[in-house]
Amino acid sequence: MGKRNFDYIHHNRKIANLRGDSWKEALRLKKLEADLSPSALRIYRVTRGLSQRDIQQHMGINTVAIYARIERQDVTTTKERAGKISQILKKPVNVLFLEVEKNKFLAL
């Protein structure tokens, strides 16, 4: 018989739950420290203790990839989305975004 596939997702979630929230927060902060030029958006998200998935869920969008691309400055976003993100992070839009064109905002 062949080798059984090990369920790494279940295993990793179990370990993360056993470690608790302080471990997750420490991991987020270490990842931020390792980034040579994090966006202001990322810095404020991490310091508020939120994951990209948390932001995605608060925004009501389907995938975390949409928010991740905004945070990495890969794409611009609308004024509406920039406003929603700034509400979640409790920072003014102009602290987190630069309006590069009419209704096109780029993360700082």
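The values are calculated or read from the model by the stated rules, or taken from the named source; none is laboratory data. Please read these numbers as outputs of a predicted model, since none were measured by experiment. Heads up, the Cβs are rebuilt from the backbone with ideal geometry, glycines too, and the neighbour counts pull from every protein chain shown.
Structural remarks
- Checking the stated criteria, Val93 turns out to be farther than 26 Å from Trp23 by Cβ and of a type outside the set (D, E, K, R).
- Unique residue being without any contact (Cβ under 8 Å) to a residue 60 or more places away in the chain, in contact with a helix residue (DSSP H, G or I) (Cβ under 6 Å, 6 or more places away or on another chain) and under 22 Å from Pro92 (Cβ atoms) when the list is Leu50, Leu32: Leu32
- Residue match in the range 67-84 (condition: surrounded by 12 or more Cβ atoms within 10 Å (Cβ to Cβ), touching a residue at least 60 places away in the same chain (Cβ under 8 Å) and over 13 Å from the mean Cα position of the chain (by Cα)): no
- Residue in the range 3-21 that is within 26 Å of Ser86 (Cβ to Cβ) and in a helix (DSSP H, G or I) present: yes
- Within the range 31-41, the set of residues being at pLDDT 80 or above and out of contact with any strand residue (DSSP E or B) (no Cβ under 8 Å at 6 or more places or on another chain) comprises Glu33, Ala34, Ser37, Pro38.
- Those residues of the range 18-43 which are loosely packed, with under 11 Cβ neighbours inside 10 Å and polar (S, T, N, Q), in sequence order: Ser22, Ser37
- Only listed residue being on the phi < 0 side of the Ramachandran plot and not β-branched (Val, Ile, Thr), chosen from Gly60, Gly20, Gly49, Gly83: Gly83
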